[in-house]
Amino acid sequence: MKGTTDDFDLKALHAALDAERQVRGLTWAQATREIGAVGPVTRRPVASSTITSLRTKALAEADGVLQMLRWLGRAPESFVTGVPADLAAAALPRTNRPAVLRFDTRKLYDAISRAREASGMTWTEMSAATGVPVSHMRGLARGGRTAFPFVTRLTRWLREPASSFVRLSQY
């Protein structure tokens, strides 16, 4: 699973965003404004450069990607090949416009910690199995940020949809 073609495909996300942008007849700046048109006006929206650089990045900040997925009406698993049917059918939570989608990284940490202990794995073994650095997994306990494809590597290992770890926020 780690670092394979089964990862969340950032290039495919970029291509989907570009295709949708073209269908709507938008410039990247206009599409970026639509993607960021969630939450209060004072929140810092996703930058156009963040979106356009997806085609060359290995990692992308997860909360920004959630807003992009929301704009597309797609779940994270739709950009991962070979996921089980029950995960592939997952959807992001629907919400009213003022709410922003965020990953509940503490909840994700608790789930991976419990599953790791139940399987008798060390953090190092889990890192080897998922391709997610131990430091990143432990950082989730503090409520830190996460990134794609790390989040989908972990949720796939858990056999749970990424949407199980999405919360609504006002910022």
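Coordinate-derived values only; no laboratory data. If you're wondering where the values come from, they're calculated on a predicted model, not measured in any experiment. So basically every Cβ, Gly included, is an ideal-geometry build from the backbone, and we count neighbours across all protein chains shown.
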Checklist line | Amide H contacts of Ala147 (H built 1.01 Å from N, under 5 Å, at least 5 apart or other chain) | finding: Ala62
Next item on the list: For region 49-117, state which trypsin sites (Lys or Arg not before Pro) are in a DSSP loop and have at most 15 other beta carbons lying within 10 Å of their beta carbon.
Entry: Lys57, Arg94
Next item on the list: Take each uninterrupted DSSP H stretch in the chain, measure its Cα extent along the helix axis, and return the ones at 18 Å or beyond whose mean Kyte-Doolittle hydropathy is at least -0.5.
Entry: 10-23
Next item on the list: At 7 Å along the Cα-to-beta-carbon direction for both Ser119 and Ala141, put a label point, then send me their distance in nm to one decimal.
Entry: 1.8
Notebook entry, point to check: Per the Kirkwood formula on distinct C-alpha pairs, the Rh of region 10-169 is how many angstrom?
Noted result: 16.3
Next item on the list: Mind giving me the FRET efficiency for Gln22 and Arg167? R0 is 35 Å, r the Cβ-Cβ distance, nearest 0.05 is fine.
Entry: 0.65
Next item on the list: Run the quick spin-label model on Gln30 and Thr95: label points 7 Å from Cα toward the beta carbon, then report their separation in nm to one decimal.
Entry: 2.7
Check: When the helix-only estimate is applied to the chain (DSSP H runs of n ≥ 4, each -39,500 (n - 2.57), divided by the residue count), what is the mean residue ellipticity at 222 nm, nearest 500 deg cm²/dmol?
Finding: -13000 deg cm²/dmol
Check: If you place +1 on the Cβ of every Lys and Arg, -1 on the Cβ of every Asp and Glu, and leave all else neutral, what size is the dipole of the chain about its Cα centre, to the nearest 20 Debye?
Finding: 520
